[in-house]
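What follows is a single structure, written as C-alpha cells, with notes after it.
The values are calculated or read from the model by the stated rules, or taken from the named source; none is laboratory data. These figures come from a predicted structure and were not determined experimentally. Virtual Cβ from ideal backbone geometry, glycine too; neighbours counted across all protein chains shown.
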Amino acid sequence: CTNGIGSAQNEIAYKNNGYIRNSYLQNNDNDNLFHLNLSRKDLNFKATFGDVKFVCIGGTAHRMKNFAYFIMKELELPFPNGSDLKDLTGHGHRYSMYKVGCVLCVNHGMGYPSIMILLNEVIKLLYYAEVEDPIIFRIGTSGGSYIPNGTVVISNEAVNDYFEPYCLIPVLGKTTKQRTMLDQNLISELQNICENNFDFPIIVGKTMSNEHFYESTASKYGLICEYSDEDRNQFFGLLKKHKVVNLDMEAVVLSSLTHKLGIKSAIINVVVNSVTTEELIVPTEQERKEWEKRPQKIVLEYIKQYQSRN
Ligand code: R2B
C-alpha cells in the first residue's frame, strides 16, 4: 500500500521490519485490529504475543480450539488458569484465537476475503509484538483431484481459478496480480518429517484455490449449474493437465501474501471430498475427525523438532 505518500517512505518501513509494507503503521500506537477485537491502546502486544513463533490457521474456530488443546497436551504446557482456554478475541465473534506457549491458533473462516482480513490483522499483530521470523501454517481441509479422501497434501505451489500462480487482488479499482510462492526448504523439512513418522498417505503437489466453492469446481450440487457433463470433464482434464492435486479456497492468498512480506508459510490440507469422482462421497463424522487431525499431527511434529533444536 503506498497510500499516496510515495514508495520511499514505505521502503523505509520495509527496511525497519521485514514484513510490513506500510509506513503508516510505524509509530501507530493506537492501531485497532477490528476483526480480532484487539487494540494497541488496551493491550501490550509485545508482552502478550512477543514469544510467538508459530501461527497455525484453519477454517473453523472449533477445530482451532481443539488444535490448541492438542498442542497444549502434547507439548506438556500448563493448563491455563480457569477451566477453559481463553478466546483472545473476547467478544469480537469474527474469529477465535488461542495462544498456547509459542503457538498462536486462529481460525480464518472460508475463502479469499475472510483469510485476507485475518492475515492482515494477525501479521500486524506479529509486527507490533516484534516477533522475528514467524512461521505460518495453514492446516485445513480441501477437495481432491484424482487422489483419495484422507490424503494429506503439502502444497508446493498455489494457483488461482485460471491455473495461474497469482492472487488477483482489486486495488483502487484495478486488478493487481500478486505472485504466489512457497518456501521449498520448509516443504522439504515437512516431507522428511512425514517420511519418518506417519503411516497415512501424504503427497507434495499443486493446490488450486477457488473463489466459488460450487461453480468454480464444476460441482453438480450448487444452487446454479449451467454446465454440461462434457464441460465438467473438460475442467477435470485441465486439473490433470496442470497437475493440480487438491482444491481449497485460501492457499493462493496465504502463499502470495507471505511471499510478498518475506514470511515463511506452509499449506497442509487433508482431502475430505473428491471433486473429480462421479458421485459425491461424504465421509462419516468419525472419518472426517480422524482425517482433520492429520495435518495437525505433522505440524505438531515440526514444532517438537524445532523446539528440540532451539
Ligand atoms: C476448504 O473447506 C472450505 C469449504 O468447504 C474452505 O475453507 C476450504 O478451503
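What is the residue count in region 97-151 for residues that are hydroxyl-bearing (Ser, Thr, Tyr), closer than 25 Å to Pro201 by Cα and either within 16 Å of the ligand (Cβ to nearest atom) or under 16 Å from the mean Cα position of the chain (by Cα) (or both)?
4
The conditions are (1) touching an Asp or Glu at 6+ places or on another chain (Cβ under 8 Å); (2) under 14 Å from Met249 (Cα atoms), and Tyr166 fails exactly one of them. Which is it?
(1)
Within region 84-96, can one find any residue that is within 23 Å of Gln305 (Cβ to Cβ) and under 17 Å from the mean Cα position of the chain (by Cα)?
At the first step, the residues of region 84-96 found to be within 23 Å of Gln305 (Cβ to Cβ) are none.
Within region 84-96, not a single residue is within 23 Å of Gln305 (Cβ to Cβ) and under 17 Å from the mean Cα position of the chain (by Cα).
Which of the residues that make up region 59-76 are of a type outside the set (Val, Ile, Thr), within 24 Å of the chain's Cα centre (by Cα) and away from the ligand (no atom under 16 Å from the Cβ)?
If the condition is that a residue be of a type outside the set (Val, Ile, Thr), within 24 Å of the chain's Cα centre (by Cα) and away from the ligand (no atom under 16 Å from the Cβ), then Lys65, Asn66, Ala68, Tyr69, Phe70, Met72, Lys73, Glu74, Leu75 are the ones that fit.
Mind listing whichever residues of region 129-155 are more than 26 Å from Glu279 (Cα to Cα), out of contact with any Leu (no Cβ under 8 Å at 6 or more places or on another chain), surrounded by 20 or more Cβ atoms within 10 Å (Cβ to Cβ) and not aliphatic (A, V, I, L, M)?
Across region 129-155, the qualifying residue is only Phe137.
Restricting region 109-128 to residues that are under 21 Å from Gln178 (Cα atoms) and touching a strand residue (DSSP E or B) at 6+ places or on another chain (Cβ under 7 Å), which is surrounded by the fewest Cβ atoms within 10 Å (Cβ to Cβ)?
By that ranking, first place goes to Lys124.
Kindly state which strands (runs of 3 or more DSSP E) lie completely within region 158-253 and contain at least 2 residues that are buried (at least 16 other Cβ atoms within 10 Å of the Cβ) and more than 16 Å from the ligand (Cβ to nearest atom).
Where strands (runs of 3 or more DSSP E) fall fully within region 158-253 and carry at least 2 residues being buried (at least 16 other Cβ atoms within 10 Å of the Cβ) and more than 16 Å from the ligand (Cβ to nearest atom), they are 166-171, 202-209.
Applying the selection to region 85-105, what residues are in contact (Cβ under 8 Å) with a residue 60 or more places away in the chain and β-branched (Val, Ile, Thr)?
Correct list: Val103 only.
Regarding region 257-269, can at least one residue be identified that is touching a residue at least 24 places away in the same chain (Cβ under 8 Å), within 16 Å of the ligand (Cβ to nearest atom), part of a strand (DSSP E or B) and of a type in the set (Gly, Ala, Ser)?
yes
Being in contact (Cβ under 8 Å) with a residue 40 or more places away in the chain and either of a type in the set (Phe, Trp, Tyr) or not assigned by TED's automatic domain parsing to the domain that holds Lys293 (or both) narrows it down to one residue among Phe235, Phe198; which is it?
Working: Phe235 fails: in contact (Cβ under 8 Å) with a residue 40 or more places away in the chain.
Only one candidate passes the filter, namely Phe198.
Write out, first by first residue and then by second, each pair whose Cβ atoms fall under 9 Å of each other, whose residues are 6+ apart or on separate chains, and whose first residue, in region 270-293, is more than 9 Å from Gly150 (Cα to Cα) and at pLDDT 95 or above while the second is small (Gly, Ala, Ser) and not in a loop (DSSP other than H, G, I, E, B).
As it stands, the answer is Ser274/Gly143; Ser274/Gly144; Val275/Gly143; Val275/Gly144; Thr276/Gly143; Thr276/Gly144, since those pairs meet every condition given.
Restricting to region 26-36, name every residue that is surrounded by fewer than 16 Cβ atoms within 10 Å (Cβ to Cβ) and assigned to a helix (DSSP H, G or I). Give the derivation first.
We begin by selecting, within region 26-36, every residue surrounded by fewer than 16 Cβ atoms within 10 Å (Cβ to Cβ); these are 26-30, 32, 34.
Matches in region 26-36: Phe34 only.
In this structure, is Leu126 in contact with a Pro (Cβ under 6 Å, 6 or more places away or on another chain) and either over 30 Å from Leu280 (Cβ atoms) or not assigned by TED's automatic domain parsing to the domain that holds Ala266 (or both)?
In short, yes.
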